[in-house]
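Colleague: Got a structure for you, questions after.
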Amino acid sequence: MTILALPHDEAAAIRLLAEARRRLMRRDRRLAAVIKAVGSCVYDRRPAGFATLFQSILRQQLSGKAAATIAGRLLQACGGLISPDAVAALDDAAFAASGVSRQKRDYLRGLAAAALAAPAFFAALEQLSDEAAIEALTAIKGVGRWTAEMYLMFCLGRLDVLPLGDVSIRAAVADIYGLPRAAPGAGLIALAETWRPYRSVACWYFYAHLDRAKQQAGAR
């Protein structure tokens, strides 16, 4: 099994992303126009592990400001370190005082319990195929497929992930290729075949395309 992931070594990562960029531009003229407009890909890996997935669950369906406030309170309640032990030790009152709903409290406790039961869980993900890693992550209550896919893309650095349920990806594809946002997933899968094995990099450019469009709109 070959796992295609962004290397931790910065120079090697830059070379691999440059190759991905060249290949995508050769294979897809519309994506090539986006890549030229955006420029070099600065896709990088975020820290992997319990704390990152904890934050992903915590921030679901919250505005950035509300999520930051609640996260800050929880960090203080955990003694300055988000760890499985610290989260498992929090009582209902501590979660409530931090502004965490009952459902999300149960999700976060479940994540802590899973991490404590399998201390090597996050390290083991590095060795799993994309689908196997997604399956392992979504087995944790509160972790949906999109959250798992984002973890693979931006924490494990997996370069060939296609998040079909991502509304931003669908919005970018609709804008660039003229496809309906509500088009069946099969259409996006077929379109994305030309982006293999760098579908994550293509998606990075779609996110960048939307950010660039927002900046241009704000400058008017």
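Colleague: Multiply the residue separation of Lys141 and Ile189 by 0.36 nm, subtract the distance between their alpha-carbon atoms, and state the gained length in nm to one decimal.
Modeller: Values: separation 48, 0.36 × 48 = 17.28 nm, distance 2.69 nm.
That works out to 14.6 nm of additional length.
Colleague: Using θ = phi - 60° and the Karplus curve 6.51 cos²θ - 1.76 cosθ + 1.60, what whole-Hz ³J(HN,Hα) does each residue of segment 137-151 get, with Gly and Pro shown as x?
Modeller: Using θ = phi - 60°, the values come out as 5, 6, 6, 8, 4, x, 9, x, 4, 4, 4, 5, 5, 5, 5 Hz.
Colleague: Moving on to the next point. What are the lysines whose alpha-carbon lies under 16 Å from the alpha-carbon of Lys141, with same-chain residues fewer than 8 places away excluded?
Modeller: Of all the lysines, those that pass the test against Lys141 - Cα under 16 Å, at least 8 places apart if same chain - are Lys104.
Colleague: Of the labelled options [x] 8, 35, 39, 17, 2; [y] 7, 27, 26, 21, 13, 5, 0; [z] 7, 29, 31, 23, 9, 0, which one gives P(r) over Cα pairs in 10 Å bins from 0, in percent as computed for this structure?
Modeller: Correct label is [z].
Colleague: Name the long-range amide H neighbours of Arg158: under 5 Å, sequence gap of 5 or more, or other chain; modelled H, no Pro or chain starts.
Modeller: Those lying under 5 Å, H to H, from Arg158 are Leu6, Met153.
Colleague: Calculate the dipole size of the chain relative to its Cα centre from +1 charges on Lys and Arg beta carbons and -1 charges on Asp and Glu beta carbons; express the result in debye to the nearest 20.
Modeller: Numbers: 28 positive and 19 negative charges, 195 e Å.
So the magnitude is around 940 debye.
Colleague: So what are the ³J(HN,Hα) numbers for segment 62-78, from phi and the Karplus equation (6.51, -1.76, 1.60; θ = phi - 60°), rounded to whole Hz, Gly and Pro as x?
Modeller: My calculation for segment 62-78 gives 10, 5, x, 5, 5, 4, 5, 5, 5, 4, x, 5, 5, 4, 5, 5, 8 Hz in order.
Colleague: Per residue of segment 116-124, what does 6.51 cos²θ - 1.76 cosθ + 1.60 with θ = phi - 60° give for ³J(HN,Hα)? Whole Hz please, x for Gly and Pro, Karplus curve as stated.
Modeller: 6, 6, 9, x, 8, 3, 5, 5, 5
Colleague: Pop a pseudo-label 7 angstrom from the Cα along the beta-carbon direction at both Thr69 and Ala120 and give the gap in nm to one decimal.
Modeller: In this crude label model, Thr69 to Ala120 measures out at 4.3 nm.
Colleague: For Gln103 and Arg27, calculate 0.36 nm times their separation in residues minus their Cα-Cα distance, and state this gained length in nm to one decimal.
Modeller: Between Gln103 and Arg27, full extension yields 22.9 nm more.
Values quoted throughout were computed directly from the atomic coordinates according to the rules given, and no laboratory measurement underlies them. Just so it is clear, the model here is predicted, and its values are computed rather than measured. Note that we place each Cβ from the backbone using ideal geometry, even for glycine, and neighbour counts take in every protein chain shown.
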